[in-house]
Each structure stands twice: as structure tokens, then as C-alpha cells.
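Below is a structure I'd like to ask you about.
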Amino acid sequence: MQDIYEEKEFIHGLMKYTTETIIVRSLEAVELGITPFIGDPSAGMSLISPTIYKEFVYPYHQKIVQAIHDKGSRVVFHICGSVDLIMEDLVSLGMDGISIDSPSSLEKMFEVGQGKLTIIGNVDPMLFVQGSFDQLENKVQECFKISKGEPKYIVAPGCQIPLSAPMVNIKHFTACCHKYGAC
């Protein structure tokens, strides 16, 4: 993170290299008929600022989206943490779907991206471990209420479900999804 300020050329070189690697791997997935789902845990506003995102991440996300679209495929991104401050930037990339983490505002994502891309999320993964059945059900209900029946919405955990989550909680989440909407 310190290199962002002290070694800008190095960071851009690293971003170019990793972007090419992601593109190669994604295009291989496309050849197999798989839609690339790209996780970028370092691009969220929990770690960087919108200014840093715009300079050091956005142009590389743009190249990834373009390369995958050029092959006739769709692409979905997941960014950990909050993305509220860069939602407009994310939508402008033209990606086909965005998975948002629980710190992000689902309401704002719908304001910015509804109808432009598939919105995925954003049930707090910790509810699967520390939450009650009622808390998990209330969150699923809230997500469907916010989505207002939007067909380009998928209710899902905001990030990876912790490995320590009891299977009974995951099954309860699935049952709630079926009860209030479609998973």
C-alpha cells in the first residue's frame, strides 16, 4: 500500500502484469463456457480511496471487462468491503454483474445500477455464524424488499460464508430465499 505513493511506476507495472494474468485465465474459462467471476478484495474502499481506485484499479478493471466482452462473454466482479464511493465507476465499466459485500449499501447499488447489471448480495456473512435464524431471515426479507422484484438481482452472502458456519444456517438461508423470492 505504501508503494502506491512511493513507487507508482512499480504499482502500474504490477497492475499490468496481474491484469494480463487475469485476462488469460478468464479467457480460458470463457473457452470452457464459464462466465468469469472475478474477486478483487483489494479494490474496496475499506483499503483504498476513490482517487487511488480511479488511478490504480479502474483502468485495469476496464481492460479486463473489455477483453472478456470482446470474446463474447459476460463478466461478474466481487469487491470486498464498501464500494459505495465508487459505485458509479463500477457501473460505468460495463460489467454484467457486481457482487457487493455487506458493508456496501444495497439501496444505493440499486439507485446507481438497477437494470444496467445484475446485482448480487449483500447478506452479512457473519450472520451465518453469529446470527440467529430470525436475523438471517430478516436480512433476506430486507434484500428482497430493496430489490422490489428486479429480475437482475440475486440474493447472496456479501462475501464468502465462513467455514465455521453451521450447515443448518446455510440451509435456513436457502429456505428463506425460496420463501421470499428466488435464489
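The values are calculated or read from the model by the stated rules, or taken from the named source; none is laboratory data. Remember, predicted model here, so these are calculated numbers, not experimental data. In this analysis, Cβ positions are derived from the backbone assuming ideal geometry, glycine residues included, and neighbour counts consider all displayed protein chains. To get the accessible areas, we keep the full protein, side chains included, count just its heavy atoms, and leave off ligands, DNA and RNA. Shrake-Rupley method; radii C 1.70, N 1.55, O 1.52, S 1.80 Å.
Taking the range 138-171 only, how many residues are open to solvent by 30 Å² or more (accessible area, probe 1.4 Å) and part of a helix (DSSP H, G or I)?
11
If you don't mind, another one. Looking at (1) in a helix (DSSP H, G or I); (2) open to solvent by 30 Å² or more (accessible area, probe 1.4 Å); (3) at pLDDT 95 or above; (4) over 19 Å from GLY81 (Cα atoms), which is the only condition LYS179 fails?
(3)
Can you tell me which residues in the range 130-167 are touching a residue at least 12 places away in the same chain (Cβ under 8 Å), farther than 19 Å from ILE98 by Cβ and of a type in the set (S, T, N, Q)?
Matches in the range 130-167: GLN141, SER164.
Going through PHE56, PHE77 one at a time, which residue ends up being in contact (Cβ under 8 Å) with a residue 12 or more places away in the chain, hydrophobic (A, V, I, L, M, F, W, C) and farther than 30 Å from ALA165 by Cα?
PHE56
Collect the residues in the range 101-112 that are open to solvent by less than 80 Å² (accessible area, probe 1.4 Å) and out of contact with any strand residue (DSSP E or B) (no Cβ under 6 Å at 6 or more places or on another chain), keeping them in residue-number order.
Step one: list which residues in the range 101-112 are open to solvent by less than 80 Å² (accessible area, probe 1.4 Å), which gives 101-106, 108-110, 112.
The answer is ASP101, SER102, PRO103, SER104, SER105, LEU106, LYS108, PHE110, VAL112.
Taking the range 8-47, which residues are touching a helix residue (DSSP H, G or I) at 6+ places or on another chain (Cβ under 9 Å), open to solvent by less than 100 Å² (accessible area, probe 1.4 Å) and over 24 Å from ASP96 (Cβ atoms)?
Answer for the range 8-47, where residues must be touching a helix residue (DSSP H, G or I) at 6+ places or on another chain (Cβ under 9 Å), open to solvent by less than 100 Å² (accessible area, probe 1.4 Å) and over 24 Å from ASP96 (Cβ atoms): LYS8, ILE11, HIS12, LEU14.
Looking at the range 1-24, I want the residues that are closer than 22 Å to MET45 by Cβ and have a partner that is of a type in the set (Ser, Thr, Tyr) with Cβ atoms under 6 Å, at least 6 apart or on another chain. Which pairs are those?
Pairs found: MET15/TYR60; THR19/TYR60.
Pairs needed: first member in the range 108-120, at positive phi; second member anywhere, surrounded by fewer than 21 Cβ atoms within 10 Å (Cβ to Cβ); C-beta distance under 7 Å; at least 6 residues apart or different chains.
From the range 108-120, the pairs are GLY115/LYS152.
Among GLY115, GLY121, which is modelled with pLDDT under 95 and open to solvent by 30 Å² or more (accessible area, probe 1.4 Å)?
Matching residue, one of GLY115, GLY121: GLY115.
Just one of the numbered conditions (1) at pLDDT 95 or above; (2) β-branched (Val, Ile, Thr); (3) within 21 Å of ASP89 (Cα to Cα) is not true of ILE4; which one?
Of everything listed in (1) at pLDDT 95 or above; (2) β-branched (Val, Ile, Thr); (3) within 21 Å of ASP89 (Cα to Cα), ILE4 misses just condition (1).
Okay, moving on. Would you check which residues across the range 48-98 are open to solvent by less than 10 Å² (accessible area, probe 1.4 Å) and hydroxyl-bearing (Ser, Thr, Tyr) and list them?
TYR53
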